[in-house]
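As structure tokens, the structure follows; a few thoughts come after it.
The values are calculated or read from the model by the stated rules, or taken from the named source; none is laboratory data. Values in this document were obtained by computation on a predicted structure and should not be read as measured data. Virtual Cβ from ideal backbone geometry, glycine too; neighbours counted across all protein chains shown. Note: accessible area is taken over every heavy atom of the protein model, side chains too, but ligands, DNA and RNA are not part of it. Shrake-Rupley method; radii C 1.70, N 1.55, O 1.52, S 1.80 Å.
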Amino acid sequence: MRSFPVADPGTPDHRSAARYLLWTARAQAGTMAGAAGAGVLWMISQALVPAVIGRAIDAGLTARDARALVTWSGVLLALGVVQAATGVLRHRLSTVNWLGAAFRTIQVTTRQAVRLGATLPKRLASGEVVSVGIADVSHIGGAMDIVGRGSGAVLSIAVVGVILLTTSWRLGLIVLAGVPLLALAVGPLLRPLHHRQQRQRELNGGLTTRAGDIVAGLRVLRGIGGEQFVAARYRAESQAVRAAGVRVARTESLLDGAQVLLPGLLVALVTWAGARYALSGEITTGQLVSFYGYAVFLIDPLRTLTEAADKITKAHVAARRVVRILGMTPEPPDDGTRSPIPGDLVDEESGVVVRPGRLTAVAATAPEDAQAIADRIGRFADGAVTWGGVPLRELPLRAVREAVLVADNEARLFSGRLLDELGGNGDGDAHGVQAALRAACAEDVVDELPDGLRSVVAEGGREFSGGQQQRLRLARALAADPEVLVLVEPTSAVDAHAEARIAARLREFRGGRTTLVCTTSPLVLAHADEVVFVAGGRAVATGPHRELLGAEPAYAATVNREELIGEGRTNEGRMKEGA
């Protein structure tokens, strides 16, 4: 039990779900073989019990031979001891296999999630990842667990078939023909079960994601009165999950019923035929008892085979989810070897140029265009970007991450002391954090806390409103003091008065350093050294804010629309701050 084979999971085969399950089995081949061997001995020792009882009846009771009766009774005792010992060993090894497969899956998916970084939430909902750790690992472990009993079930059926054939070939044929017929009868239930389990798994993952989003934004929902709307939506989605679960349960109930009914029919047939042969004198009384014992015994291995089909089906569905995660690749790849050279940051796809030491703003008619530019400059998406004339993809990813910080509204606050969450490594860093808080106009947020910067905040900053969270995220980005800072809509959740103060203080705080702000807020654009107007994904005009207002009607329309929204956002921002 101490030799859990999960310390070094290695590289999983993620080309298909079946290959992943085989990789998991090979990774713990020793305990898998041990469980299979113990399961075979455990089942065969049970399979031989009816034969021994029959011999004891014929050679001992019927022949009135006490010595033979004692001898066969001793053999029966020995089989019982073997069955008990191998049963305990099989269960222990199967438990190791279950836990090893489950924790190995957790290891490789966690390692892959760390490797993917920001790529993972873009491609997969958080609920899907959580479901892997909650449900899928259990199903994959179940497939490894059933190997011990399944191997024993197959060989014990073969052993019983041989014994029956040598005793009465007609009864042997009934058993050997009946087992594949049972498998064929259960087969039609497995395919719809597979599809329904997969559908339930998808819906359950989406519902988990929805629940996490609701919990994270509960305070804001209460502030804007959106609880009833969100509750109704969650209720509808949960009912869809329930309906999918009912469909799975219906198929599983048919499968469970088949596990009892079909083996029972085979048992009844074998017993009826054996009784007829005993009455006609073709078999002895002891053999009739043995045949009945075999008929009863066969129920368990036949049900085990049906259970194995069910567990392997569930494991295949679960492995497909795991393989989907393992098959993802981080973007962009980290294959750069050159050293960064300070200079202009140029996004050739859009034509945006970010000059060193200046505050540059990008105003885009479509917000997704601005986000795409930020992703390319931060190298979260591959693109034709140069820094000082050197293509960004030729620079080591670690060097880019150290020099360029992209801060958007998808960033999260973590649980812990606020000073540490804002980038302070100790009380000595409090002064720098305080300066960043002032630049982000977030001093009042800290002042309201009982212990100020030393207060412990909850995961996701749930005790703060949306506007407060945004200002704290901005303060954290400013406190990091990167060489190049890229901010995406840093003031979208605050009121106009706070936005004006942030715009002025941001220019002062980042004086002499390279800063790019993606926004259409006229309050922020007015403080930029240079504004780049992007339409259709391309830079169409560059200049100070006031000049562009007069020279570019499309720019004026984009900014004035934001200005109108900003007038209505003043009261809305105050409501968010107080929510």
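Quick notes
- Global geometry of the stretch 414-497, whether rounded, prolate or oblate, following the gyration tensor of its Cα atoms and the 1.5 cut on a/c: oblate
- Sequence-separation-based contact order of the chain, relative, with Cα cut under 8 Å and 6+ spacing, percent: 15
- Rg to Rh quotient for the stretch 414-566, alpha carbon positions, Kirkwood Rh: 1.02
- Over all pairs of different C-alpha atoms, the stretch 24-168 has a mean inverse distance whose reciprocal, the Kirkwood radius, equals 18.2 Å.
- The stretch 432-568: relative contact order as a whole-number percent, Cα under 8 Å and 6+ apart: 20
- In summary, the convex hull built on the alpha carbon positions of the stretch 147-186 has an orientation-averaged projected area of 2.8 nm².
- In plain terms, the chain from residue 329 to residue 235 could stretch by 30.3 nm, reckoned as 0.36 nm per residue minus the Cα-Cα distance.
- According to the Kirkwood relation over distinct C-alpha pairs, the hydrodynamic radius of the stretch 33-111 is 14.7 Å.
- Sites residue 296 and residue 195 - FRET efficiency at Förster radius 41 Å, r taken between beta-carbons, to 0.05: 0.70
- Counting only protein heavy atoms and a 1.4 Å probe, the chain has 47 square angstrom of accessible area per residue.
- In the stretch 61-95, the trypsin sites (Lys or Arg not before Pro) that fall in loop regions by DSSP, at most 10 other Cβ within 10 Å: 64
- Spread of Cα-to-Cα distances over 10 Å intervals beginning at zero, given as percent, for the stretch 369-413: 26, 56, 17, 1
- Nitroxide proxy distance, nm - points 7 Å out along Cα→Cβ at residue 557 and residue 273: 8.5
- Cα gyration tensor shape for the chain, rounded if a/c is under 1.5, else prolate or oblate: prolate
- Modelled this way, with points 7 Å down the Cα-to-C-beta line, the labels at residue 449 and residue 366 are 4.0 nm from one another.
- The stretch between residue 134 and residue 382 holds 85.9 nm of extra length on full extension. This uses 0.36 nm per residue minus the Cα-Cα distance.
- Using C-alpha pairs below 8 Å separated by at least 6 residues, the relative contact order for the stretch 412-487 is 45 percent.
- Accessible-area rank, largest first, for 195, 316: 195, 316, with all protein chains present and a 1.4 angstrom probe.
- Over the chain: helical MRE at 222 nm, DSSP H runs n ≥ 4 each giving -39500 (n - 2.57), nearest 500: -22500 deg cm²/dmol
- Shown for the stretch 406-487: the carbon plus sulfur share of the solvent-accessible area, taken with all protein chains present and a 1.4 angstrom probe, equals 45%.
- With 0.36 nm allotted per residue and the present C-alpha distance subtracted, the residue 18-residue 398 stretch has 133.2 nm of extension available.
- Radius of gyration and maximum dimension Dmax of the stretch 465-550, Cα, Å: 13.1, 37
- Equivalent-ellipsoid semi-axes of the stretch 509-557, from the Cα gyration tensor, Å, largest first: 19, 12, 9
- Point-to-point label distance, residue 538-residue 169, nm (Cα→Cβ direction, 7 Å offset): 8.7
- When you filter the trypsin sites (Lys or Arg not before Pro) in the stretch 383-461 for DSSP loop state and at most 16 other Cβ atoms inside 10 Å of their Cβ, you are left with 412.
- Rotationally averaged projected area of the stretch 293-407 (alpha carbon convex hull; nm²): 11.9
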